[in-house]
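Notes for the one structure printed next.
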Amino acid sequence: MMYFVIVFFIVLLDQWTKYLAKTYLYPIETYPLIENVFHLTYRENTGAAFSILRDKQTLLIIVTSIVVVILIFYLIKIMKVEDFLLVKLPLSFIIGGAIGNLIDRIRLRYVIDFFDFNLINFAVFNVADVFIVIGSIILGYAVIFKNVEI
């Protein structure tokens with residue numbers, strides 16, 4: 001049950017930060033925290049990561065929904081396994097992030113992004129994206145270095 005609380009917290013944090021971005025960044029577009037290095041920049045992303053599949057919201061909603069359902073069923077299945085922390089925690093991160101972005105896609109037809117690393121000219125991203133990436137890295141680590149079978 002704790003892992004679904006984590007999912008809920010991630011979704012809540014993601015949606016709250018996107019609300020703040022829409023409220024405070026949208027009117028000004030960008031706010032430099034460290035000039036030419038890291039800004040908070042309001043963007044509406046109609047695609048997936050790095051804006052791939054731009055304007056394919058229906059496809060992205062369907063695929064994300066299917067993946068989330070599969071991951072939730074898998075998380076429920078492994079819930080009773082004692083030593084699966086390195087799988088359950090990252091799955092919670094990935095599910096929470098995916099749901100956060102899915103809510104935007106369904107509600108707004110785009111995803112709100114706002115973290116902007118100008119220094120390396122990286123794609124603008126959001127809290128949900130951060131949790132998806134961290135979860136994927138931990139899960140990859142567990143599979144590659146800890147020989148955890150999924």
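Read-outs throughout are calculated quantities, based only on the coordinates presented, and are distinct from any laboratory measurement. Bear in mind that the values here come from a model prediction, so they are computed numbers and not experimental data. Backbone-built Cβ (ideal geometry, glycine too); neighbour counts: all protein chains shown.
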Based on other C-beta atoms within 10 Å, arrange Y3, Y26 from fewest to most.
-> Y26, Y3
Taking the Cβ of V124 as the center, what net charge do the other residues with Cβ under 13 Å away carry, scoring Lys and Arg +1 and Asp and Glu -1?
-> -3
Candidate values [x] 0.94; [y] 1.01; [z] 1.06, label of the one derived for Rg/Rh (Cα atoms, Kirkwood Rh) = [y]
Nearest 10, in degrees from 0 to 90: the angle of helix 57-78 to the longest Cα principal axis of the chain is 30
Taking Cα atoms, the helix 85-108 axis meets the longest principal axis of the chain at an angle in degrees (rounded to 10) of 40
Whichever lysines have a C-alpha closer than 26 Å to that of K77, once near sequence neighbours (fewer than 8 apart) are set aside = K88, K146
Net charge over other residues, Cβ less than 15 angstrom from the Cβ of V87 (K, R count +1; D, E count -1) = +1
All lysines inside 28 Å of K56 as judged from Cα atoms, apart from same-chain residues fewer than 8 positions distant = K18, K22
Taking the Cβ of M1 as the center, what net charge do the other residues with Cβ under 14 Å away carry, scoring Lys and Arg +1 and Asp and Glu -1?
-> +2
Scan of the chain for trypsin sites (Lys or Arg not before Pro) in DSSP loops with at most 15 other beta-carbon atoms within 10 Å gives a longest site-free stretch of 1-53
Quick one: order F9, F114 by neighbouring beta-carbon count within 10 Å, fewest to most.
-> F9, F114
Using only Cα atoms, tell me the angle between helix 127-145 and the longest principal axis of the chain; keep it within 0 to 90° and round to the nearest 10.
-> 40
Relative contact order of the range 86-150: what whole-number percent is it, with Cα pairs under 8 angstrom and at least 6 residues apart?
-> 44
